[in-house]
Amino acid sequence: QVQLVESGGGLVQAGGSLRLSCAASGRSFSSYAMGWFRQASGKEREFVATISRSGGTTNYADSVKGRFTISRDNAGNTVYLQMNSLKPEDSAVYYCAAKNRYGTSRYLDDYNYWGQGTQVTVSS
């Protein structure tokens, strides 16, 4: 099993940046592909970004491509989401998730473990 704890959320003006972190505890962090998802108030949870176990493969939602960067530090058991050029529509609770089967995924149901989320609010 793996436990996930997100941090780094907050309030930022449009055009600003935030970096989210997700610290993992438990066994074999490097054996999990990781993902970031978000859920805005009144909406369904949606895919943001995913990264392979080695970090060599990443994939992004079209809405964040070119603005957000997912990365991981396997030695430090942490996955990051660097968010630049933030927009008010990026406001949401952001969740990290771990997937214990090979390969990245955009689909919520493919992920086995979830963090509790961190709130990001972008003011206009």
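The values are calculated or read from the model by the stated rules, or taken from the named source; none is laboratory data. These figures come from a predicted structure and were not determined experimentally. Cβ coordinates were reconstructed from backbone atoms using ideal geometry, including for glycine residues, and neighbour counts include every protein chain displayed. These accessible areas exclude ligands, DNA and RNA; they are computed on the full protein's heavy atoms, side chains included. Shrake-Rupley method; radii C 1.70, N 1.55, O 1.52, S 1.80 Å.
Under a GNM of the chain (C-alpha, springs under 10 Å), which listed residue has the highest mean-square fluctuation: ASP73, ASP90, ASP109?
Fluctuation is largest for ASP109.
Between LYS43 and TYR107, what length comes free when the chain is fully extended (0.36 nm per residue of separation minus the Cα-Cα distance, one decimal in nm)? Present the calculation step by step, with values, prior to reporting the outcome.
Working: separation 64, 0.36 × 64 = 23.04 nm, distance 1.59 nm.
Roughly 21.5 nm would be gained on extension.
Mind checking which of LEU81, LEU20, LEU108 has the largest fluctuation in a GNM of the chain, springs on alpha carbons under 10 Å?
LEU108
Can you list residues from other chains, or at least 5 along the same chain, whose modelled amide H is less than 5 Å from the amide H of SER63?
Long-range HN contacts for SER63: none found.
Can you run phi through the Karplus equation (6.51, -1.76, 1.60; θ = phi - 60°) for region 85-100 and list ³J(HN,Hα) in whole Hz, with x for Gly and Pro?
Each residue's phi maps through the Karplus curve to give 6, 5, 10, x, 6, 7, 4, 4, 8, 9, 10, 9, 8, 10, 10, 9 Hz.
Give the accessible area for SER105 in Å² (nearest 10); use a 1.4 Å probe, count only protein heavy atoms, and leave out ligands, DNA and RNA.
10 Å²
Using a cut-off of under 20 Å, list every residue of region 92-114 whose amide N is near the label point 7 Å from the Cα of SER28 along the Cα-to-beta-carbon line.
In region 92-114, the label zone of SER28 (backbone N under 20 Å from the point 7 Å along Cα→Cβ) covers 97-105, 110-114.
Quick one: what are the phi-derived ³J(HN,Hα) couplings along region 7-13, Karplus 6.51/-1.76/1.60 with θ = phi - 60°, whole Hz, x for glycine and proline?
7, x, x, x, 9, 9, 7
Over region 24-124, average the accessible area per residue using a 1.4 Å probe and give it in Å², no decimals.
Working: 5090 Å² over 101 residues.
Normalised by residue count, the accessible surface of region 24-124 is 50 Å².
Could you tell me what percent of the accessible area of region 19-124 is made up of carbon and sulfur, with a 1.4 Å probe and every protein chain present? It would help to have the intermediate numbers written out before the result.
Details: 2180 of 5290 Å².
After summing per-atom areas, the C and S share lands at 41 percent.
Using Cα pairs closer than 8 Å and at least 6 residues apart in sequence, work out the relative contact order for the chain, in percent. Spell out each step's value before the answer.
On the way: 320 pairs, mean separation 45.0, N = 124.
Reported as a whole number, the value is 36 percent.
Explain nothing, just compute: Karplus ³J(HN,Hα) = 6.51 cos²θ - 1.76 cosθ + 1.60, θ = phi - 60°, for every residue of region 52-66 in order, whole Hz, x for Gly and Pro.
6, 4, 7, x, x, 10, 10, 8, 9, 5, 4, 5, 10, 4, x
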